Amino acid sequence: MSTSSYILQTSVPMIWLLLAVVGALIKTRNTTSPEARLETWQRWWAGAALGGGSAWMVLSFFTIPGVMSEAIGFAQTPFEFEIGCANLCLTVLAFRAASSKASARERLTVGLGAGMFLWGADLGHLYQFFFKGDHAPGNTGGVLLYDLLIPAVMIALAIRAQRAERVVLLAGSEVAARAM
């Protein structure tokens, strides 16, 4: 495999991160409210980054499991179906988190759940890389960053939103106390 082909194949997961960042930047370019900006970033990160990437994995693992196994450096097994189902779960959760009705707490929970699966997958990829010599494009590079960053950013954005909600609640209670 040529170097350029390898780089292209290992970078595919980064498409979803790029889509989320570009979408959120475009959507917030004229937004002056920090709360509205934060809400937009949370929704784009959940919907495009986690939801889009997970939906892509569902489609890929259900329709071309052999290609996916080869890209990761594994022999094809029934395990691909399980990975597809796990990603289906992440897709559903991600699209719920992208909803305008989702709370910061829900988004934090989705980020933590995604982290349990994706960070575990990262550990598996790193183990295969260092101890089994698996340098296949689907086992290195973009997938490692994707699996690390998606939950981390979702969690960070949700925590920031929770803190902002607390500040608003505290400010509201101070105004109410003064009015008495």
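The values are calculated or read from the model by the stated rules, or taken from the named source; none is laboratory data. Predicted model only: the values in this text are computed from it and were never measured. All Cβ positions, glycine included, derive from the backbone under ideal geometry; neighbour counts span all protein chains shown. Please note that ligands, DNA and RNA were not included when accessible areas were found on the heavy atoms of the full protein model with its side chains. Shrake-Rupley method; radii C 1.70, N 1.55, O 1.52, S 1.80 Å.
Values for this structure:
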| item | result |
| --- | --- |
| GLY111 open to solvent by less than 80 Å² (accessible area, probe 1.4 Å) and in contact (Cβ under 8 Å) with a residue 12 or more places away in the chain | yes |
| Residue among GLU174, GLU106 that is modelled with pLDDT under 95 and either surrounded by 11 or more Cβ atoms within 10 Å (Cβ to Cβ) or charged (D, E, K, R) (or both) | GLU174 |
| Number of positions in the range 3-36 that are open to solvent by less than 60 Å² (accessible area, probe 1.4 Å) and within 27 Å of HIS135 (Cα to Cα) | 8 |
| Residue check for LEU90: touching a residue at least 12 places away in the same chain (Cβ under 8 Å), within 24 Å of GLN162 (Cα to Cα), within 14 Å of the chain's Cα centre (by Cα) and surrounded by fewer than 16 Cβ atoms within 10 Å (Cβ to Cβ) | no |
| Count of residues meeting criterion [modelled with pLDDT under 95 and in contact with a Pro (Cβ under 9 Å, 6 or more places away or on another chain)] in the range 1-58 | 9 |
| Hits in the range 122-134 (condition: surrounded by 14 or more Cβ atoms within 10 Å (Cβ to Cβ) and not in a helix (DSSP H, G or I)) | ASP134 |
| Members of the range 37-66 found to be more than 18 Å from ALA86 (Cβ to Cβ) and open to solvent by 40 Å² or more (accessible area, probe 1.4 Å), listed by number | ARG37, GLU39, TRP41, ARG43, TRP44 |
| Boolean, ARG96 is in a helix (DSSP H, G or I), more than 16 Å from ALA55 (Cβ to Cβ) and not small (Gly, Ala, Ser) | no |
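Here is a yes/no grid of residues against (1) touching a residue at least 24 places away in the same chain (Cβ under 8 Å); (2) more than 28 Å from ALA156 (Cβ to Cβ); (3) of a type in the set (D, E, K, R):
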{"residue": "ALA55", "(1), (2), (3)": "yes, no, no"}
{"residue": "VAL58", "(1), (2), (3)": "yes, no, no"}
{"residue": "PHE62", "(1), (2), (3)": "no, yes, no"}
{"residue": "MET68", "(1), (2), (3)": "yes, yes, no"}
{"residue": "GLN76", "(1), (2), (3)": "no, yes, no"}
{"residue": "GLU82", "(1), (2), (3)": "no, yes, yes"}
{"residue": "ARG105", "(1), (2), (3)": "yes, no, yes"}
{"residue": "TRP119", "(1), (2), (3)": "yes, no, no"}
{"residue": "ASP122", "(1), (2), (3)": "yes, no, yes"}
